[in-house]
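S.K.: Attaching a single structure in structure tokens format; questions to follow.
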Amino acid sequence: MIVEESLQKGLCPRLLLPSTPALGRCFPLPNINFTLPEDLRINNTTVSNGISGLLDSINARDVSVKIFEDFAQSWYWILVALGVALALSLLFILLLRLVAAPLVLLLIVGVLAVLAYGIYHCWQQYQVFRDKGASITQLGFTTNFSAYQSVKETWLAALIVLAVLEGILLLMLIFLRQRIRIAIALLKEASRAVGQMMSTMFYPLVTFVLLVICIGYWAVTALYLATSGQPQYIYWASNTSTPGCENVPVNMTCDPMAPLNSSCPNLKCVFKGYSTTGLAQRSLFNLQIYGVLGLFWTVNWVLALGQCVLAGAFASFYWAFHKPRDIPTFPLSSAFIRTLRYHTGSLAFGALILSLVQIARVILEYIDHKLRGSQNPVARCIICCFKCCLWCLEKFIKFLNRNAYIMIAIYGKNFCVSAKNAFMLLMRNVLRVVVLDKVTDLLLFFGKLLVVGGVGVLSFFFFSGRIKGLGKDFENPNLNYYWLPIMTSIMGAYVIASGFFSVFGMCVDTLFLCFLEDLERNDGSQERPYYMPKALLKILGKKNEAPTGGKTRKK
């Protein structure tokens, strides 16, 4: 038959393009040598040139090749940058025992200086616009908010706000100076604990592997559920008005392997979907919901496992009366085995509570997305309030679970009792909790800024070729886009710093709860000596009556 007839019957493809196999698919490559057979009599030059022109216009082919070349030439330097980020993170944490107090003082003075400069600048601007007579009464109400920068009342309001913040911060420093000293001492002790147990800094790798396994298992299960059942095929014709196609069994089931003996040239046996008959198929949606709940539950359980294991390791450091002699030989592995053996159910219960709240948030977000176009202002306000309440509830449960896991690691009690004891203990020392939390957040933010900023600056100067005289072995590679390895190094440094500092934050929280328990349960006598370091004893004005070389006490 002629080409037009074969095309109308769908026996031949309408366009033939040069292509190459990749990942089980055909990708067009117009540049390779390819000629169509003469008997097809189809001129694909226009189509080929069109595809080539489209790719050249968006420069997709060249960009992808250049990106691959840049990664191939700079991957080892990116690994060097990530190694620098790792070293900087470890160095910052280990040096906190020496520079924690100066760093906290520097950051506090810096915040006070910034607020003071803001007050000075607002006062200057207020004087300028006061002398010009620019008042808000002359401006009136306008939607151009930038116009309010030219009136004196705006700068006066900013001056008052900054002055109030400066005063509150100064009063807090005066009345909370003792608690700030306690927070600094705990940060130093946490740095010492990390130095004694360096293996804890690499535990996030174990958590990452377990999370990949959980997510991968859920993805495979969801795919199996989605493709469960027998595939169904039906007859289909593009045009039933064609002669011979008036009485074809359209939408009737068919066998794709059987020959089509029909007078209709457009009749095909196409895939419709998978069968919905059977108990599993009728419950497919419920099974997918069950899988999603299982995903949230297992992910939260893995995170809870990491927190409890780290808490157990760091608690063994605090409750060692003679450090480092009484610290277990393998504190991290011991805590891991102990957590899996005794505390799996408690961790699963806490993870379940958090998972239910997260599922409720997901359902609310889905409802809000589906009804966004048909909601009135009142309904949008109500849904927004519900979303805010659920967000706050999730944050509170995460905070409560974190401290409950620490108490579980210390005393081995069940989740409910541990959560109650942790919450009551924190409420009895709420000012210390707030001060320690803010000081720790400030220091860790400064540490992340130092690590990520340092790696970013070094990467920029190296990959852009601004560092000269490093020698032949340390020359920067010739790159098409030097910003690509820079951004990769910055993102990798942020991930590394976040992982290391999360472990350090868990160490601080664990030592803090141990310190509060030590302060309430012990009195410094020989029967009940304090386990806290000497720096904290000195700050609190307390002392131990137990001899230093005495027998080790068990907590």
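The values are calculated or read from the model by the stated rules, or taken from the named source; none is laboratory data. Because the structure is predicted, anything quoted here is derived from the model rather than measured. Here Cβ is always computed from backbone atoms with ideal geometry, including for glycine, and neighbour counts include all displayed protein chains. Only protein heavy atoms, including side chains, enter the accessible area calculation; ligands, DNA and RNA are left aside. Shrake-Rupley method; radii C 1.70, N 1.55, O 1.52, S 1.80 Å.
S.K.: Hey, any hits in segment 272-279 for a residue that's at pLDDT below 90, out of contact with any Cys (no Cβ under 9 Å at 6 or more places or on another chain) and part of a helix (DSSP H, G or I)?
M.R.: Taking every residue of segment 272-279 in turn, at least one turns out to be at pLDDT below 90, out of contact with any Cys (no Cβ under 9 Å at 6 or more places or on another chain) and part of a helix (DSSP H, G or I).
S.K.: Still on this structure, please answer the following. So, Phe423, is that one more than 25 Å from Ala183 (Cβ to Cβ) and touching a residue at least 12 places away in the same chain (Cβ under 8 Å) or not?
M.R.: So Phe423 does not fit the description; no.
S.K.: If you go through segment 518-530, how many residues are within 38 Å of the chain's Cα centre (by Cα) and open to solvent by less than 10 Å² (accessible area, probe 1.4 Å)?
M.R.: The total comes to 1.
S.K.: Do you know which residues across segment 167-205 are open to solvent by 60 Å² or more (accessible area, probe 1.4 Å) and under 20 Å from the mean Cα position of the chain (by Cα)?
M.R.: Selection gives Phe202, Leu205.
S.K.: Go through Leu400, Leu390 for me and flag whichever is free of Cβ contacts under 8 Å to residues at least 40 places away in the same chain, open to solvent by 30 Å² or more (accessible area, probe 1.4 Å) and touching a Lys or Arg at 6+ places or on another chain (Cβ under 6 Å).
M.R.: Checking each option against the conditions leaves just Leu390.
S.K.: If you don't mind, another one. For Gly291, are the conditions met, namely being in contact (Cβ under 8 Å) with a residue 40 or more places away in the chain, touching a Phe, Trp or Tyr at 6+ places or on another chain (Cβ under 7 Å), over 18 Å from Ile410 (Cα atoms) and not hydroxyl-bearing (Ser, Thr, Tyr)?
M.R.: yes
S.K.: Can you find a residue in segment 356-378 that is open to solvent by 40 Å² or more (accessible area, probe 1.4 Å), aliphatic (A, V, I, L, M) and not in a helix (DSSP H, G or I)?
M.R.: Yes, segment 356-378 contains at least one residue that is open to solvent by 40 Å² or more (accessible area, probe 1.4 Å), aliphatic (A, V, I, L, M) and not in a helix (DSSP H, G or I).
S.K.: Find the residue count for segment 54-107, including only residues that are aromatic (Phe, Trp, Tyr), exposed (fewer than 15 other Cβ atoms within 10 Å of the Cβ) and either at pLDDT 75 or above or not in a helix (DSSP H, G or I) (or both).
M.R.: Of the residues in segment 54-107, 2 are aromatic (Phe, Trp, Tyr), exposed (fewer than 15 other Cβ atoms within 10 Å of the Cβ) and either at pLDDT 75 or above or not in a helix (DSSP H, G or I) (or both).
S.K.: Select from segment 433-447 the residues that are crowded, with 19+ Cβ neighbours inside 10 Å and not β-branched (Val, Ile, Thr) and write down the one among them that is farthest from Phe515 (Cα to Cα).
M.R.: Across segment 433-447, the extreme among qualifying residues is Gly447.
S.K.: Looking at Gly453, Gly469, Gly465, Gly447, which one is in the same structural domain as Leu82 (by the TED database) and modelled with pLDDT of 85 or more?
M.R.: The match here is Gly453.
S.K.: So is Ala313 assigned to a loop (DSSP other than H, G, I, E, B) and surrounded by 12 or more Cβ atoms within 10 Å (Cβ to Cβ) or not?
M.R.: Considered against the rule, which asks whether it is assigned to a loop (DSSP other than H, G, I, E, B) and surrounded by 12 or more Cβ atoms within 10 Å (Cβ to Cβ), Ala313 comes out as no.
S.K.: Output the qualifying pairs, or none if there are none: Cβ atoms under 6 angstrom, residues six or more apart or on different chains, first residue in segment 139-162 and over 24 Å from Tyr117 (Cα atoms) and open to solvent by 50 Å² or more (accessible area, probe 1.4 Å), second residue modelled with pLDDT of 70 or more and not polar (S, T, N, Q).
M.R.: Leu139/Val151
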